[in-house]
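Structure record follows, encoded as structure tokens.
Nothing in this text is a laboratory measurement; each read-out follows from the coordinates by a stated rule. Remember, predicted model here, so these are calculated numbers, not experimental data. All Cβ positions, even for glycine, are placed from backbone atoms using ideal geometry, and neighbour counts span all protein chains on display.
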Amino acid sequence: MQRLPLLPKARDAGYVYVIKSGEAYKIGFTRKGIKRRGRDAQGELVLTIATGQRPSVLEYIINNRFASKRLPNHRNNAGGQREWFALDRDDLEWLRGLSTLTWTC
């Protein structure tokens, strides 16, 4: 019986993260350095969602879901205009539900 060749490990695995700063929440992705993201945003890391591959795809889907809650003037930089949201308890519970799933985009 011929075996399939071993495939290289995915190099694009990462995390979608949620950081709270004041009453605003940042939803972003990283391939490494989650703690640094919290420091850079001057906030508290609330949640991480491990992704098998392409964390940017999952982040894009989540950002679109919460588009109506976007805070476009929260920070004066490119990420501040698209990554900060006014989330409520139900939104955070929905996100926590995602963190229990295995993601392979």
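Compute the distance in nm between two label points, each set 7 Å from the Cα along the Cα-to-Cβ direction, one at residue 65 and one at residue 32.
Reported label-point gap for residue 65 and residue 32 is 2.9 nm.
Provide the per-residue ³J(HN,Hα) series for segment 23-32, in order, calculated from phi with Karplus coefficients 6.51, -1.76, 1.60 and θ = phi - 60°, each as a whole number of Hz, with x at glycine and proline positions.
9, 9, 10, 9, 10, x, 9, 8, 9, 6
Ranking request for peptides 82-92, 60-70: highest mean number of other beta-carbon atoms within 10 Å first, then the rest in descending order.
Descending packing order for the listed peptides: 82-92, 60-70.
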